[in-house]
């Protein structure tokens with residue numbers, strides 16, 4: 001069997017060991033391990049990379065610990081608006097959704113957009129209408145309620161402030177989730193999902209649902225899922241930039257990820273990280289913050305579950 005590889009993330013940011021309890025640290029590691037196991041099982045059974053990233057991200061969406069799906073943050077109006085995307089590196093097909101409410105697993109809806117519509121990107125009420133037409137699983141408001149997220153919102157409610165989960169040095173839940181995978185057929189895929197930023201207004205959309213900014217996959221170069229200050233990842237077209245450096249400047253995966261995260265993104269004021277892999281199974285977990293919730297596993301024996309730098 002050819003190499004198989006999987007990497008996941010649960011957000012990058014100000015993650016400092018001294019301010020996270022041992023119990024909470026273990027809870028995050030357990031959640032990361034569960035998501036890693038879910039996706040890797042798909043690969044071990046000969047499944048597609050696309051199925052693996054969907055499985056891992058859905059597992060993370062089902063955990064209240066991460067800012068995606070069940071753990072999504074509150075908007076300025078006290079609701080939840082979720083974004084997600086998925087991309088198949090074998091054919092460059094992709095699906096994305098943004099500003100949806102009530103969807104249990106946004107990543108699954110993004111895949112439905114890719115496979116059951118003639119479009120790449122659907123948003124808001126239209127995306128929810130499409131979700132009903134393909135029998136996506138909905139949940140009511142109380143499913144998405146989390147007391148910690150609610151307190152985060154109350155602290156800045158009725159102000160012009162907003163919070164990115166990764167941006168303050170206090171004990172917080174950190175956010176956006178994603179996965180990249182290589183299957184036994186040599187195909188790669190990527191997926192990303194988020195609840196956005198606390199107290200966001202005006203239907204704000206970050207990079208997670210934008211193909212080329214938060215998510216990208218191409219068998220000829222790499223699969224990438226990003227997490228961080230979304231506006232900067234959009235401006236830097238970060239996920240595609242990594243691919244471009246590999247394709248046009250013949251950089252290695254490691255060199256391209258380091259250049260984009262440690263230099264290009266920083267140069268415009270952005271912080272965060274990404275996970276990436278290529279069709280030979282190399283994995284890179286690159287971030288310019290104090291930490292990133294992350295895990296990876298490959299058939300070559302590589303294995304890691306980490307939080308801090």
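Read-outs throughout are calculated quantities, based only on the coordinates presented, and are distinct from any laboratory measurement. Note that the coordinates shown come from a computational prediction; the quantities given were computed from them, not determined experimentally. Counting neighbours? That spans all protein chains shown, and the Cβs are built from the backbone with ideal geometry, glycine included.
The table for this structure:
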item	result
Per-residue Cβ neighbour rank within 10 angstrom, fewest leading, 293, 308	308, 293
Burial ordering of 143, 40, fewest other beta-carbon atoms within 10 Å first	143, 40
Computed over segment 57-118: relative contact order in percent, which uses C-alpha pairs under 8 Å that are six or more apart	27 percent
Stokes-Einstein D (µm²/s) once Rh is taken as the Kirkwood radius of the chain over alpha-carbon pairs, at 20 °C in 1.002 mPa s	116 µm²/s
136, 243 arranged by Cβ crowding within 10 Å, fewest neighbours leading	136, 243
Over segment 227-309, relative contact order from alpha-carbon pairs under 8 Å, at least 6 apart, %	23 percent
Gap separating the Cα centres of segment 92-158 and segment 173-252, nearest whole Å	18 Å
Length-normalised contact order for the chain - Cα pairs under 8 Å, 6+ apart - percent	26 percent
